[in-house]
Amino acid sequence: RKEVEQDPGPFNVPEGATVAFNCTYSNSASQSFFWYRQDCRKEPKLLMSVYSSGNEDGRFTAQLNRASQYISLLIRDSKLSDSATYLCVVNMRVRSGNTPLVFGKGTRLSVIA
Amino acid sequence: DGGITQSPKYLFRKEGQNVTLSCEQNLNHDAMYWYRQDPGQGLRLIYYSQIVNDFQKGDIAEGYSVSREKKESFPLTVTSAQKNPTAFYLCASRGQGYTEAFFGQGTRLTVV
């Protein structure tokens, strides 16, 4: 089983739609979770951290289910500018410090006018 | 402004040559990382360093080397032993705790 798995997509949705991305992770010791956004031929940028209680930032909502080892990202009222690849990222804490972040392969979103 | 800088943005290498990619950060971060990304693929970890003068191999370290002589700098050398080096290389850094990573703008390496 891969450490972080995502549906690669692409997800093609019309403007204004609501779209949800899911991600599963294999290591139950994972401690921190993030969603990154990557535009074509650019570096990944942090979209939002994911907290156990769930968190919201404008049109974006992230949820974490530790029991099921599952993370989600919901985008409401999609905009053309939301078109990008969304990367699910997890990190495991070990005695010697943080491990490197482990990235999923990403889910590609295309928002269509 | 604080940030992480990679250079050059584009790099062309002849087969059999070693090349070094630069990564500098002024965020005062202890940890630094090198990732490789191939078209349509995710990020794969090459090397990482949690502290000055120490580094560990990632998942695909063969054909690469690094050094960490200064906190701010983590250069990556792509050696002639790396058989398929054409890729997008990303450097990142992180602070203490469960913090997010910040990325440089990347170096696109092409073998000619």
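The values are calculated or read from the model by the stated rules, or taken from the named source; none is laboratory data. What you see is a predicted model, and the numbers here were worked out from it, not measured in a lab. Glycine gets a Cβ as well: all are built from the backbone with ideal geometry, and neighbour counts include every protein chain shown. What goes into the accessible areas is simple: the full protein's heavy atoms, side chains included, and nothing from ligands, DNA or RNA. Shrake-Rupley method; radii C 1.70, N 1.55, O 1.52, S 1.80 Å.
For the reader, a short list of remarks on this structure follows.
- Protein heavy-atom accessible surface, 1.4 Å probe, per residue over chain B: 50 Å².
- Buried surface for the B/A pair, taken as the accessible area of each chain alone minus that of the pair with a 1.4 Å probe, is close to 1800 Å² in total.
- Nitroxide proxy distance, nm - points 7 Å out along Cα→Cβ at B:Glu62 and A:Ser53: 4.8 nm
- Listed peptides A:19-28, A:42-51, B:50-59 appear in the order A:42-51, A:19-28, B:50-59 once ranked by packing, highest mean of other Cβ atoms within 10 Å at the front.
- The range B:17-73 - percent of accessible surface contributed by carbon and sulfur, probe 1.4 Å: 43 percent
- Free-standing Cys, the protein assembly as shown [no other Cys Cβ under 4.7 Å]: A:Cys40
- Placing a label point 7 Å from the Cα of B:Gln105 along the Cα-to-Cβ line, the residues of the range B:76-92 whose backbone N sits under 15 Å from it are B:89-91.
- Whole-Å semi-axes of chain A's equivalent ellipsoid (Cα gyration tensor): 25, 14, 12
- Between A:Cys40 and A:Ile112, the simple label model (points 7 Å from Cα in the Cβ direction) yields a spacing of 1.6 nm.
- 10 Å Cβ neighbours from other chains, averaged over peptide A:99-110: 5
- Exercise: per-residue mean of other protein chain Cβ atoms within 10 Å, A:44-51: 3
- The local environment of A:Gly58, defined by Cβ-Cβ distances under 13 Å, has a net charge of -1 under the rule Lys, Arg +1 and Asp, Glu -1.
- Translational D in µm²/s for the protein assembly as shown (Stokes-Einstein at 10 °C, 1.306 mPa s, Kirkwood Rh from C-alpha pairs): 87 µm²/s
- Label separation (A:Arg76 vs B:Asp38): 4.1 nm, computed from points 7 Å beyond Cα along the C-beta direction.
- Within 10 Å of each Cβ in B:99-108, the average number of Cβ atoms from other chains: 5
- Calculated translational diffusion coefficient of chain B (4 °C, 1.567 mPa s; Stokes-Einstein with Kirkwood radius over alpha-carbon pairs) equals 93 µm²/s.
- Dipole in debye (nearest 20) - chain A, about Cα centre, beta carbon charges: Lys, Arg +1; Asp, Glu -1: 340 debye
- Rounded accessible area per residue of the range A:35-113, 1.4 Å, Å²: 49 Å²
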